[in-house]
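First comes the structure, then the notes that go with it.
The values are calculated or read from the model by the stated rules, or taken from the named source; none is laboratory data. Remember, it's a predicted structure, so these values are computed and weren't measured experimentally. Cβ: placed from backbone, ideal geometry, glycine included. Neighbour counts: every protein chain shown. With ligands, DNA and RNA removed, areas are computed over all heavy atoms of the protein, side chains included. Shrake-Rupley method; radii C 1.70, N 1.55, O 1.52, S 1.80 Å.
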Amino acid sequence: DHAVTNNDRLLEEMMSTAAKMPIVQFHLRDEDIIAFVHHRGDTTVGKIVDGRRKLADSMQRWRFILEGELLAGHLQDTMDATLEQNLWSDLGNWLWKPLGVDPRAETVLLIPEGELANLPWRALIVDGRPLLESHHFIIAPSFRHFRAAQAIKVRSQLVQIFRGKADNLPQVDHELENLVNGLSTSADLYSPCSRKDWPDQGEA
């Protein structure tokens with residue numbers, strides 16, 4: 001939208017951001033996945049031929065694993081954790097590693113498209129390590145969205161956590177406990193929450 005920011009200015013800001021952190025921008029074209037990696041004045045383009053089919057196959061595997069974990073919970077059985085580890089390693093090897101993102105980059109701005117937005121990018125494994133051990137990911141639907149979010153300054157220190165119905169998520173309470181313990185400020189935890197708990201005033 002030229003009324004908000006013209007394209008030249010947007011490109012200038014994108015290159016300024018790419019000087020500080022890699023920007024990985026995905027585009028889906030037919031059955032292929034195209035990736036643009038912008039960093040320190042350079043832009044590389046990678047093409048994963050037939051990547052959308054490979055991604056769909058991986059997502060089917062993930063659904064099978066998740067369904068198996070739910071079923072195992074009902075049967076008081078355990079799932080083989082290596083199935084999920086293998087999935088994340090496969091994705092890391094064919095989807096992330098070929099991009100050549102600097103493994104020393106602390107922060108990566110990721111702009112996924114379509115079904116790529118549903119991937120848990122931090123879980124992908126490259127060279128035996130989950131990406132969350134190498135990078136902090138900022139995930140945005142577009143660079144314009146990222147830019148708009150960066151302009152928002154939050155003055156409130158208030159933290160409120162709302163936990164809904166989560167009977168099929170056995171680890172959610174443990175995760176929320178870790179989240180609360182890791183905060184530098186106190187938090188209000190509504191567990192389980194109802195619609196009347198949702199705030200109707202103040203900053204969010």
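On a 1.4 Å probe surface of the protein chains, which of Asp50, Asp167 comes out largest in accessible area, and what is the full order?
Result, largest first: Asp167, Asp50.
For an R0 of 22 angstrom, estimate the FRET efficiency from the Cβ-Cβ distance between Phe36 and Leu66 and round to the nearest 0.05.
The pair Phe36/Leu66 has a calculated efficiency of 0.10.
Taking 0.36 nm per residue of separation and subtracting the Cα-Cα distance, what length does fully extending Leu183 through Arg53 add?
42.8 nm
Among 61-70, 7-16, how do they line up by average Cβ neighbours within 10 Å per residue, starting with the highest?
So the order, starting with the most tightly packed, is 61-70, 7-16.
May I ask you to order 116-122, 192-198, 88-94 by the average number of other C-beta atoms within 10 Å around their residues, highest value first?
By packing density, highest mean first, the sequence is 88-94, 116-122, 192-198.
Could you work out the relative contact order of region 59-179? I mean the mean sequence separation of Cα pairs under 8 Å and 6+ apart, divided by the number of residues, in percent.
For region 59-179, the relative contact order is 21 percent.
Accessible area per residue for the chain in Å², computed with a 1.4 Å probe and the full protein assembly in place, what is it?
Ligands and nucleic acids excluded, the result is 67 Å² per residue.
Sort Phe36, Phe137 from largest to smallest accessible area, using a 1.4 Å probe on the heavy atoms of the protein chains.
Result, largest first: Phe36, Phe137.
Using unit Cβ charges (K, R positive; D, E negative) and no other charged atoms, how large, in debye to the nearest 20, is the dipole of the chain about its Cα centre?
540
Determine the share of the chain's accessible area contributed by carbon and sulfur atoms, expressed in whole percent, with a 1.4 angstrom probe.
52
How large is ³J(HN,Hα) for each residue in region 142-157, as worked out from phi by the Karplus curve 6.51 cos²θ - 1.76 cosθ + 1.60 (θ = phi - 60°), to whole Hz, x for Gly and Pro?
Karplus-based 3J(HN,Hα) across region 142-157 equals 6, 5, 4, 5, 4, 4, 5, 5, 5, 7, 7, 9, 8, 9, 7, 9 Hz.
At 7 Å along the Cα-to-beta-carbon direction for both Leu158 and Arg9, put a label point, then send me their distance in nm to one decimal.
So the label points at Leu158 and Arg9 sit 3.3 nm apart.
Tally the DSSP beta bridges in the chain and give the antiparallel ones as a percent, rounded to 5.
Restricted to the chain, the bridges split so that about 60 percent are antiparallel.
Could you sort Arg155, Arg163 by accessible area so the largest value comes first, with the probe set to 1.4 Å?
Per-residue accessible area, sorted high to low, gives Arg155, Arg163.
As a test of the formula, what do you get for the chain when each DSSP H run with n ≥ 4 contributes -39,500 (n - 2.57) and the sum is divided by the residue count, at 222 nm and rounded to the nearest 500 deg cm²/dmol?
-10500 deg cm²/dmol, from helical runs alone.
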